[in-house]
Amino acid sequence: MSGTTCEQKQKILSAKGFFLPSEEKLKEKNSLKPRKIILLAGPTACGKTALSLMLAEALGGEIISADSMQVYRGMDIGTAKVSLDDQRRIPHHLIDIRDIHETFNVVDFYYEARQSCDSILARDRVPIIVGGSGFYFRSLLYGPPNGPPSIPEMRHALEEQMRIHGNELLYQKLCELDPAYAQTITCNDRHKIIRALEIISLSGEKVSNLCWERTKVLSDYIFHPWFLHRPRTALYPRIEERCEQMVAEGLIEEVQRLEVLGLRNNSTASQAIGYRQSLEFLESPRTEVDFKRFLRKFKTASRQYAKRQFTWFRGEPLFRWLNVEVHDFEIALDLILQDYSQLN
């Protein structure tokens, strides 16, 4: 189409079923400055929720959850879901958007979180994305992971293998095929193990090679990423106290209600920390010894998850680390607000 005018190109493409935006629309789109978004990550029990609410009030912001389990209705106590009063005070997004029998993955999060960001920005408010899932944050920064679409027959075959042989055998197979990716998950991450083996079988490529090219951050937003943390000597007691509080608030009873609704059939939700241990306890004779074992496993899994969060975000160079044990929330708030106002 060399030598043709823009109008002629438009006519030719339109005749073939393609449509180009007008030059005015292109100029308008290209003249728009990228929009600012705050990312607030951190290990469990470090204080993300409290600081995010302070930020939202200071900036006129709305909060988007980057928690893979808070999307499920009924998974409230075990996910430390923000209270209904706080949700009424500060608009929250991607909370209670799925029933327990439905699926939700990182690609779903990518598109639904971006849709929420655009909606919030269109109202001249500030998106504040809060959570602990490094996988979800990485998708926002670099785009969703690549990989072939799932094939139901292969997925069912892998699930059957896991049912017969257990998590450990398939996890060991993943360690042999893709040790780099296997190190980022555990043998209890059943859904991730199955999906990884599925990708390797379909594509012949390691998941660690397929996920992200990590060469360029998406340019339609300006990201302000922060990683809140505390020394482990201060964080771990907070985690254990939170575990005990969740149990006291009715975590086991919550799991019993969700079990009736199909929790065990959701391979991701049923393996979530707190929920997996509760399901195991409910299968036991439920003696005092069983309860103590349940609580010990719950605390251990929570500490181990926090350790993996530290490891993950050390590999994310864009995140600025903020020790909220040294800087109280008022100082942390000022630092984030100054950063937000100065960068363009």
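Descriptive notes on the structure:
- Per this entry, Arg296 is not counted among residues that are closer than 23 Å to Ala66 by Cα, basic (Lys, Arg) and not assigned by TED's automatic domain parsing to the domain that holds Thr186.
- Contact map, the stretch 322-342: residues that are in contact (Cβ under 8 Å) with a residue 12 or more places away in the chain paired with residues that are of a type in the set (D, E, K, R) and outside any helix (DSSP H, G or I), Cβ distance under 7 Å, separation 6+ or inter-chain. Pairs shown: Asn323/Arg230; Val324/Arg230; Glu325/Arg230; Tyr340/Lys36.
- Hits in the stretch 104-149 - residues which are in a helix (DSSP H, G or I) and among the aliphatic types (A, V, I, L, M): Val106, Val107, Ala113, Ile120, Leu121, Ala122, Leu140, Leu141
- Flag set for Tyr136, criterion: within 19 Å of Tyr72 (Cβ to Cβ) and either surrounded by 20 or more Cβ atoms within 10 Å (Cβ to Cβ) or not assigned by TED's automatic domain parsing to the domain that holds Lys307 (or both).
- The residues in the stretch 316-332 that are of a type outside the set (A, V, I, L, M) and either within 16 Å of the chain's Cα centre (by Cα) or modelled with pLDDT of 95 or more (or both) can be counted, and the count is 5.
- Listed by first and then second residue, the pairs with beta-carbon distance under 8 Å, at least 6 apart or on different chains, first residue in the stretch 135-155 and within 18 Å of Glu112 (Cβ to Cβ), second assigned to a loop (DSSP other than H, G, I, E, B) and among the basic types (Lys, Arg), are Tyr142/Arg214; Tyr142/Lys216.
- Listed by position, the helices (runs of 4 or more DSSP H) inside the stretch 162-260 whose residues that are surrounded by fewer than 19 Cβ atoms within 10 Å (Cβ to Cβ) number at least 3 are 167-177, 190-203, 207-210, 232-249.
The values are calculated or read from the model by the stated rules, or taken from the named source; none is laboratory data. Just so you know, these numbers come straight off a predicted model, no measurement behind them. Backbone-built Cβ (ideal geometry, glycine too); neighbour counts: all protein chains shown.
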